[in-house]
Each structure stands twice: as C-alpha cells, then as structure tokens.
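Reviewing the structure listed below.
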Amino acid sequence: MSNAQTVPLIDTQTIIAATVSTGSFIYDLKGIDRASLQLNSTFSIGGSTGVITLSISNDGVHFVGFSIAKTVTLTGGTTDSALFELGSIDYVFLKVSSATPSAGTLALQGVLYGTGGSQVW
C-alpha cells in the first residue's frame with residue numbers, strides 16, 4: 001500500500017493491522033521537504049517485542065537503508081511508541097517494515113508530519 005501527500009500535513013495511517021507475521025507500508029513523500037514519523041504499536045501480549053525498520057527509495061521498488069540505520073525495537077507492555085526525525089527529505093519513498101513479533105500480534109500506526117513544497121524558500 002502507498003499514499004501521496006500534500007503539505008503541510010499530519011497523516012495517520014494503519015501501517016500494519018494486527019498480525020503475527022511481517023508487514024510493511026510505503027509512504028510517497030513527493031513534495032515534502034522535512035518530516036518526522038511517530039510509530040504507535042499495540043501488542044496483543046504484554047512483554048512482546050517487535051523490530052521496525054525504515055528504508056528509502058527513489059523508484060519505489062529497490063529500497064535501501066539510511067546511511068545511519070533507522071531501526072527501533074518496540075518492547076514492554078502492550079503499547080509503545082517511537083519517533084523518527086527524518087529531517088530533509090531527498091528521496092521519494094519511505095518504507096516502514098516490521099519483523100514478526102516475538103509473541104502474539106502487532107498492530108502499528110504511523111503519524112507522519114510533513115512540511116515543505118512551494119512553501120519552503
């Protein structure tokens with residue numbers, strides 16, 4: 001799944017519905033100059049863990065990691081959050097990928113904040 005954006009924006013997406021397997025979501029960031037992404041997780045079993053990785057692409061097919069890895073391990077109770085400062089956007093697509101959770105299911109919500117486009121001078 002993918003989506004296009006119009007700036008400035010706050011865009012809330014279900015990245016991964018409750019699942020016991022891997023999952024991913026691709027953001028289309030054309031027109032966004034700067035952004036941050038907050039991830040909110042819900043685990044069905046307390047104490048579960050899940051690894052989330054961000055990768056980037058200009059063609060939407062071949063994704064590579066950031067020069068400094070953007071990965072988080074969500075742990076603890078049944079809910080957890082993480083915030084990535086994406087800074088200056090010089091790529092087109094952002095992929096959020098989740099590994100299989102350690103136990104139970106994982107649901108993941110993304111809240112993207114983006115600015116830029118013609119409003120940036």
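Quick notes on this structure:
- Only one of the numbered conditions (1) modelled with pLDDT under 95; (2) part of a strand (DSSP E or B); (3) surrounded by 16 or more Cβ atoms within 10 Å (Cβ to Cβ) is not met by I56, and that is (1).
- Scanning the range 81-90 for residues being within 13 Å of the chain's Cα centre (by Cα) and either open to solvent by less than 80 Å² (accessible area, probe 1.4 Å) or among the hydroxyl-bearing types (S, T, Y) (or both) gives a total of 4.
- Any chance S24 is in contact with a strand residue (DSSP E or B) (Cβ under 8 Å, 6 or more places away or on another chain) and assigned to a loop (DSSP other than H, G, I, E, B): no
- Top-ranked residue of the range 105-121 - restricted to ones that are over 16 Å from I15 (Cβ atoms) and surrounded by fewer than 17 Cβ atoms within 10 Å (Cβ to Cβ), ranked as modelled with the highest pLDDT: T115
- Exactly one residue among T78, T71 is at pLDDT below 90 and either of a type in the set (S, T, N, Q) or over 11 Å from the mean Cα position of the chain (by Cα) (or both), and that residue is T78.
- Flag not set for S48, criterion: open to solvent by 20 Å² or more (accessible area, probe 1.4 Å) and modelled with pLDDT under 95.
The values are calculated or read from the model by the stated rules, or taken from the named source; none is laboratory data. All values reported here derive from a predicted model rather than from experimental measurement. Positions of Cβ are backbone-derived with ideal geometry, glycine not excepted, and every protein chain shown enters the neighbour counts. SASA here: full protein model, heavy atoms, side chains in, ligands and nucleic acids out. Shrake-Rupley method; radii C 1.70, N 1.55, O 1.52, S 1.80 Å.
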